[in-house]
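Just below is one structure, and these are the notes that go with it.
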Protein chains: 2
Amino acid sequence: MTDLFKTLETAERGDTRPAEALLAAMRWNADGLVPAIAQQHDSGEVLMMAWMNRQALEETLKTGRVCYWSRSRGKLWRKGESSGQVQQLKRAYLDCDGDTLLLAVDQAGPACHSGRRSCFYVALDEMQGEVVSEPLIDPATLYGASH
Amino acid sequence: MTDLFKTLETAERGDTRPAEALLAAMRWNADGLVPAIAQQHDSGEVLMMAWMNRQALEETLKTGRVCYWSRSRGKLWRKGESSGQVQQLKRAYLDCDGDTLLLAVDQAGPACHSGRRSCFYVALDEMQGEVVSEPLIDPATLYGASH
């Protein structure tokens, strides 16, 4: 079997392949998932990483609103459905071996459940980790007091 | 048991925790790995995603040169050891639940084994995927003709 992603390594800029062939050739893990990195399209800030199954990816590409697979809840997770902090898809990219997605998004408000813009807020060095950002919004406001 | 990452959600900016406690509390997967996203520190370009075990992370923090765990080769992978395209670590970040790393790096030349700057070179929409960048360097030059 020819590996579609292998053939793309030497493809020219502008070459295309059908989405269906690419999705079929993607390297989903044993749980049928791939990691998806969300990056704010204009600032370049990396906001979060979550997981998608094929259904979540297809819905995201179709609707333009980012939908992940929640591993903890075991169901589709339309980002912002409880917090209101939706992600609009600007453009999606597959990586060279078809096992990771990069999503250029427009994130309303905080991406992180802690109320921070980005989930990556603990800077880590050999000695210590340091909290480097503050919540934009109190999580109790995002999710209600019962969260 | 108190979850260290849970307590950090409400920590103040500038609060610190020992690196050893954070590494011990990280949510390594069943193979002892976490995904690590490499982002060019100045341009913001997301270059690649690979995996780290604890040893790879500790080496990276200690040496300042990025070391991953190669799942295909089953060993530590000092990025650039065969291609020469090393990644210098500028800063590392843990995410809110301690299961993903973001690495701000300075990448020499291409990060991708295809010779492209970034691994994310197939733009994907509902209909098709399109190759959106070209190799900076012929991979044969990066790895030698035997690769």
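Worth a mention:
- The overall shape of the stretch A:42-147 is oblate: from the C-alpha gyration tensor, with semi-axes ordered a ≥ b ≥ c, the ratio a/c is 1.5 or greater and a/b is no larger than b/c.
- Separation of the A:W28 and A:H41 label points, Cα + 7 Å toward Cβ, nm: 2.7
- Pairing chain A with chain B buries about 4800 Å² of accessible area. This figure sums both sides and uses a 1.4 Å probe.
- Carbon and sulfur %, accessible surface of the protein assembly as shown computed with the full protein complex present, 1.4 Å: 47
- When the protein assembly as shown is reduced to its Cα atoms, the Kirkwood hydrodynamic radius in Å: 19.6
- Sorted from nearest, the other copies put their B:A140 label points 6.6 nm away, the label point being 7 Å from Cα in the direction of Cβ.
- Shortest-first distances to equivalent copies, position B:Q55, nm, label 7 Å out along Cβ: 4.0
- C-alpha center-to-center spacing [the stretch B:57-113, the stretch A:15-94] in angstrom: 24
- Axis-nearest residue in chain B [Cβ, rotation onto A], distance in whole Å: B:G44, 1
- The value for the stretch A:1-55 of Rg(Cα) / (2.2 N^0.38 Å) is 1.39.
- Annotation for B:D3 and B:D15: the two label points, set 7 Å from Cα along the Cα-Cβ direction, are 1.5 nm apart.
- Legend: mean number of C-beta atoms from other chains within 10 angstrom of residue C-beta atoms, peptide B:18-25, equals 3.
- The stretch A:23-136, accessible area per residue, ligands and nucleic acids excluded (1.4 Å, Å²): 39
- Here is how far apart the B:S82 label points are across copies: 4.4 nm, shortest first, using a point 7 Å from Cα toward Cβ.
- Cα-based Lys proximity count in the protein assembly as shown, under 23 Å, for pairs eight or more positions apart or on separate chains: 12
The values are calculated or read from the model by the stated rules, or taken from the named source; none is laboratory data. Source: prediction; values computed, not measured. Reconstructed Cβ throughout: ideal geometry from the backbone, glycine too, with neighbour counts over all protein chains shown. The accessibility values were calculated without ligands, DNA or RNA, using every heavy atom of the protein model including side chains. Shrake-Rupley method; radii C 1.70, N 1.55, O 1.52, S 1.80 Å.
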